[in-house]
1. Under 14 Å from the Cβ of residue 146, count the other residues' Cβ atoms, weight Lys and Arg +1, Asp and Glu -1, and hand me the total.
2. For a 23 Å ceiling on Cα separation, which of these pairs sit above it: 175/195; 26/175; 28/175?
3. Report the residues of the range 190-209 in range of a label on residue 164: point 7 Å along Cα→C-beta, backbone N strictly under 15 Å from it.
Amino acid sequence: MKKYLLALAVFSFCSATYAQKIKVRKVKGKQAVVEFSGATLESGRVYELAPDEFGESSVTTSSRNYVISIEGLIQSLKSDTSGAENEMDISLTARFGWNHGSYEFGPLGSYTSDAEGATTTTLISGGGFFDYNLIANTPGEAFIYGAGGAGTFGQYNDGSNASTVMTFFGGLFAKWFPTGSNVGFRIDGGYLYGKLTGDASTTTTGFKASLGLLGYF
């Protein structure tokens with residue numbers, strides 16, 4: 001009995017001394033590919049991940065439960081107003097959302113300012129977005145692509161008149177994390193439909209492309 005207790009004590013001491021951290025590279029269902037630096041692992045053997053001396057898990061993970069992003073866009077649009085010319089607008093959009101791996105959703109807000117001659121128009125709007133990831137957005141994944149959409153409702157002001165604007169966007173996106181961390185870039189491209197109501201009702205359609213920074217935590 002003493003031999004067994006001694007062997008157990010030695011094994012416990014060695015496990016605590018040589019415990020290493022593992023990094024999960026990819027997860028699919030209940031299976032995962034992990035990176036381990038330490039003693040040689042044996043195929044088929046079960047290893048228990050025990051807490052360290054400070055009471056924290058010996059496995060270090062970085063989550064992607066929430067997303068924050070800021071995007072800028074350049075869009076070429078044509079109005080259905082008689083005699084109107086193509087317009088070039090620059091705007092900023094901020095998002096906050098929840099990531100569930102294969103899909104993401106949340107609220108967004110945008111601000112657009114367009115100066116043309118002595119006239120400056122502004123658009124402030126809010127709404128929501130939905131992304132469907134064809135590659136699950138999990139920690140360590142470096143490149144993700146899919147399809148998404150967004151809808152907003154806002155106030156348009158050209159200095160003399162105020163109108164309401166509804167917009168709907170649908171298209172494709174790609175998210176790239178160069179270092180495999182939770183900070184990266186996002187690019188979108190797709191079709192935009194906008195409806196201006198008020199003193200002068202106008203419908204705006206066209207291609208929209210945007211590039212932005214995003215981070216997960």
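1. On the way: positive: 175, 186; negative: 104, 131, 141, 188.
After counting each charged neighbour, the total is -2.
2. Details: 175/195 29 Å; 26/175 17 Å; 28/175 19 Å.
The pairs that break the limit, which is 23 Å between Cα atoms, are 175/195.
3. Residues 195-202 fall inside that zone.
FYI, it's all coordinate maths here, none of it is from the lab. In this text the structure is predicted, and so the values were computed from the model without any measurement. Counting neighbours? That spans all protein chains shown, and the Cβs are built from the backbone with ideal geometry, glycine included.
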